[in-house]
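Asker: Just dropping this structure here.
The values are calculated or read from the model by the stated rules, or taken from the named source; none is laboratory data. Treat the numbers as computed from the prediction; the structure is a model and nothing was measured. Here the Cβ positions follow ideal geometry from the backbone for every residue, glycine too, while neighbour counts run over all protein chains shown.
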Amino acid sequence: MTTDAYAQSGVDIDAGNRAVDLMRTAVKSTYGPEVLAGIGSFGGLFDATVLKSMTDPVLVASTDGVGTKVKLAAQVGRYESIGHDIVNHCIDDILVQGARPLFFLDYIASSKLDPEMIASIVTGMAAACRASGCALLGGETAEMPGVYQPGEFDVAGTIVGVVDRSHILPRTADLQVGDVLIGLRSSGPHTNGYALIRKIFADISLDTEFLELGGMLADALLMPHRSYLPLLHSALSTQHSAIKALAHITGGGFIDNIPRVLPDHVNAQIDLGSWPVLPIFNLIQQQGEVDPLEMYRIFNMGLGMIAIVAPEDAAAVQAAIPEETYLIGKLVPGSKHVTLS
């Protein structure tokens, strides 16, 4: 075989190296002194001395992907927001257990490496990690011709965080009838429901401007997933936080996610109309003729995180969150379900 046999088979080692060179500065910008070895190493090294300052530290880990939102990003050639999506989604998944992130690792696979595209995604990851004090410790970039169709790619990530055992959420045993639900705003669909979204807007150009959106469809659909860590850090950092449980509204919407933190003897009663539904969801519902109640099983409908607190603590918790939040319902006698009224 010739020396370029691997390249002729569809794998370009030089492109992979160039992608690493382009992302190096962004990745290193997430490093603190606790990162002992990162980019270029076979494995990332993270100094765990910080755990000694905790009474009873528990590591919390989660892995997720961005789903078919990557196809919309590819259509319009916008990739940096996808990096924010995967990091923030993972941060929120461990935040619901009270954990703060330590480090993140990514996986990007494509049919053919485009170094600039990879670097753009990783730049978005690095920005999201910096904003949450999380190290982008390592990752993998895979070129897989024959597995992925030309022009297609996938993004996934794993996060590791820590929480003191006494601060682990949910405190399910403390949840009781009468507790109230506080909703925190989302930025859009986040990373869920995009198979349906792509079907609904298949014949509509993503650069179409909608008056109700105040801009292009692509802008609304590619708005990055929010991280709720900055909003909830203060409310969770007290020795005895008033927050009893958090629910990240991801795939499965309200119907499937809220019950994950409920005890068996209560339902969550959601009061429709108690918060402003984002215009993008109204557009999705109208364009796709989706049953209005089904929307709440697919999408976050404008609320990406829900906190459950005692009614007497609601005002203090809302005051500790540095933006407007909404009282959207309460716990009632039931069997671990969600009712919409």
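Asker: Inspect the stretch 75-82 for any residue being at pLDDT below 90, assigned to a helix (DSSP H, G or I), in contact with a strand residue (DSSP E or B) (Cβ under 9 Å, 6 or more places away or on another chain) and under 24 Å from Met144 (Cβ atoms) and give the result as yes or no.
Answerer: No, the stretch 75-82 contains no residue that is at pLDDT below 90, assigned to a helix (DSSP H, G or I), in contact with a strand residue (DSSP E or B) (Cβ under 9 Å, 6 or more places away or on another chain) and under 24 Å from Met144 (Cβ atoms).
Asker: While we're on this one: For Lys69, state whether it is in contact with a helix residue (DSSP H, G or I) (Cβ under 9 Å, 6 or more places away or on another chain) and in contact (Cβ under 8 Å) with a residue 24 or more places away in the chain.
Answerer: Yes; evaluated as a whole, the condition is true for this residue.
Asker: Answer yes or no as to whether Ser205 is buried (at least 17 other Cβ atoms within 10 Å of the Cβ), out of contact with any His (no Cβ under 7 Å at 6 or more places or on another chain) and not hydrophobic (A, V, I, L, M, F, W, C).
Answerer: Taking the combined requirement at face value, the residue does not satisfy it.
Asker: Checking Val177 against (1) hydrophobic (A, V, I, L, M, F, W, C); (2) at pLDDT 95 or above; (3) outside any loop (DSSP other than H, G, I, E, B): exactly one of these is not met. Which one?
Answerer: Result: Val177 passes all but (3).
Asker: Here's a follow-up. Limited to the stretch 81-99, what total is found for residues that are β-branched (Val, Ile, Thr) and under 8 Å from the mean Cα position of the chain (by Cα)?
Answerer: 3
Asker: Sticking with this one: Quick one: count up the residues across the stretch 145-166 that are surrounded by fewer than 21 Cβ atoms within 10 Å (Cβ to Cβ) and in contact (Cβ under 8 Å) with a residue 60 or more places away in the chain.
Answerer: Result for the stretch 145-166: 12.
Asker: If you scan the stretch 56-74, which residues turn out to be small (Gly, Ala, Ser) and not in a loop (DSSP other than H, G, I, E, B)?
Answerer: Ala61, Ser62, Gly65, Ala73, Ala74
Asker: Could you please tell me which pairs satisfy a Cβ distance under 8 Å, a separation of 6+ or placement on different chains, a first residue in the stretch 284-299 that is in contact (Cβ under 8 Å) with a residue 24 or more places away in the chain, and a second residue that is loosely packed, with under 12 Cβ neighbours inside 10 Å and part of a helix (DSSP H, G or I)?
Answerer: These pairs meet every condition: Gly288/Lys199.
Asker: Across the stretch 180-216, what is the total count of residues that are outside any loop (DSSP other than H, G, I, E, B) and free of Cβ contacts under 8 Å to residues at least 60 places away in the same chain?
Answerer: 4
Asker: Please work out if His240 is under 26 Å from Ile168 (Cβ atoms), free of Cβ contacts under 8 Å to residues at least 40 places away in the same chain and of a type outside the set (Asp, Glu).
Answerer: yes
Asker: Within the stretch 150-164, does at least one residue satisfy the condition of being hydroxyl-bearing (Ser, Thr, Tyr), within 19 Å of the chain's Cα centre (by Cα) and farther than 17 Å from Thr68 by Cα?
Answerer: yes
Asker: How many residues are at positive phi and either modelled with pLDDT under 95 or surrounded by fewer than 19 Cβ atoms within 10 Å (Cβ to Cβ) (or both) if we restrict to the stretch 254-308?
Answerer: 2
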